[in-house]
Each structure stands twice: as structure tokens, then as C-alpha cells.
Amino acid sequence: MIYWSSLMMTALGGLTLMPAPPVAAYEPAVAPWQVVAQTSIFSSMTGRFTVAFSGEPSTSSKMDDIDGATIEIHEFSWEDGGNTYAVVYTDLPASFLNLGADAVLDTLRDKAIEDWELDGLEQLEINVQLSGYPGRRYRYSDADNTLDLRLYLVDERAYLLAAQDRDETAVNRFISSFSLL
């Protein structure tokens, strides 16, 4: 089964989410000039996305399997003092995609819960879209931290966005800066 990221597991592992409604059920609106002023735009032509990291992201890839097929998982991440930002993507096999978008997103969510020990994550789920593609949003905030996870299914490709920071504005800036090429 797909294993998203050891870095994200380390950064997010053991975080127990209380079964509470999301703090904010809106898509953050951050003006484009705010994104550019405090970050640098990172583009991945092979990943077909752009996003605003606060620094140069580290990159890695590894092989895994899902539904009996070998997949390559690509990760772009930036970390600073316990604050973590990442974009992870992989191309999924047709046999897995034939389950339908909801089943694929459910499976990916369940795997993230298992890998990162994010108990209660499914209770924060909101259906979202990115340029018309289906996705899921999971957001949790408390006095110390904001965590925002997004799963998107774009044709054969699954994207995972993750941002965890003490600064909620920085989380909003990162998430809202993600776009497809």
C-alpha cells in the first residue's frame, strides 16, 4: 500500500486530532502579492504544479506499490523549526483508478491516517475541488498549531499537500499558492 512520506510521518506522527468540526470551513484567500512577497515560487514541470515554499525545498522519490502495481512517489518538502510544508505526488495505476474518485480518495486518506497516526482526521473531512478536480481537505487548528492537508485526484495523478505551522497565515499562504500547470 502507498506510504506517502517518512518526513511527514515524523513531523506529523502522533498528533491526535480531537473529533471537532474544522476551525474554518473556507478556502483561504491570500492575495498573490502576499505570496510572492514572503516566499519563492517553486515549479515542477514533471510534477505539473507550482507552489510557494518559504525556502528551497528538498526533493526525494521512492518506489512503492499500490493495488499490486509499482508506483514512484515524488516529494518536495521544506521544514523550519518544526514547521513543515510538502507537496507529494504519484501517478496511480488504472486498475486502482477504476475504483472511482471517492474510493481512491478514501483509500489515500485512510493510508495517511495509518501512516501518520492522525486519529480523527476523517472527522475533519470536507470535499473540495482544484480546477474542477475532486479533492479532500482536512484542517485542524488549536492555540499552538495549524495543520492543513489536501488530497487531490487529477486524472491519473494524486497530490498530497501538507502544511503544519504555528502561523496560520503561513499555512493559508502555502495551500492557496498551489496550482496546476
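The values are calculated or read from the model by the stated rules, or taken from the named source; none is laboratory data. What you see is a predicted model, and the numbers here were worked out from it, not measured in a lab. Virtual Cβ from ideal backbone geometry, glycine too; neighbours counted across all protein chains shown. Heavy atoms of the whole protein, side chains included, go into the accessibility calculation; ligands, DNA and RNA do not. Shrake-Rupley method; radii C 1.70, N 1.55, O 1.52, S 1.80 Å.
Here is how the numbers come out for the structure above:
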read-out: Residue that is most open to solvent (accessible area, probe 1.4 Å), among those in region 48-69 that are hydrophobic (A, V, I, L, M, F, W, C) and in contact (Cβ under 8 Å) with a residue 24 or more places away in the chain; value: 69
read-out: Members of region 140-155 found to be in contact with a helix residue (DSSP H, G or I) (Cβ under 6 Å, 6 or more places away or on another chain) and of a type outside the set (Ser, Thr, Tyr), listed by number; value: 148, 151, 153
read-out: Odd one out for residue 101, checked against (1) closer than 23 Å to residue 50 by Cβ; (2) open to solvent by 10 Å² or more (accessible area, probe 1.4 Å); (3) modelled with pLDDT of 95 or more; (4) out of contact with any helix residue (DSSP H, G or I) (no Cβ under 9 Å at 6 or more places or on another chain); value: (1)
read-out: Sole residue being touching a helix residue (DSSP H, G or I) at 6+ places or on another chain (Cβ under 8 Å) and either modelled with pLDDT of 90 or more or under 17 Å from residue 150 (Cβ atoms) (or both), chosen from 70, 50; value: 50
read-out: Selection count where residues are open to solvent by 50 Å² or more (accessible area, probe 1.4 Å), in contact (Cβ under 8 Å) with a residue 60 or more places away in the chain and part of a strand (DSSP E or B), scope region 70-98; value: 2
read-out: Cβ pairs under 6 Å, 6+ apart, first in region 130-141 and within 25 Å of residue 166 (Cα to Cα), second of a type in the set (Val, Ile, Thr) and assigned to a strand (DSSP E or B); value: 135/128; 137/126; 137/128
read-out: Scope region 35-69; condition among the basic types (Lys, Arg) and in a loop (DSSP other than H, G, I, E, B); matching residues; value: 48
read-out: Enumerated strands (runs of 3 or more DSSP E) restricted to region 104-181, each holding at least 1 residues that are among the aromatic types (Phe, Trp, Tyr) and either open to solvent by less than 50 Å² (accessible area, probe 1.4 Å) or over 19 Å from residue 66 (Cα atoms) (or both); value: 133-141, 146-154, 157-165
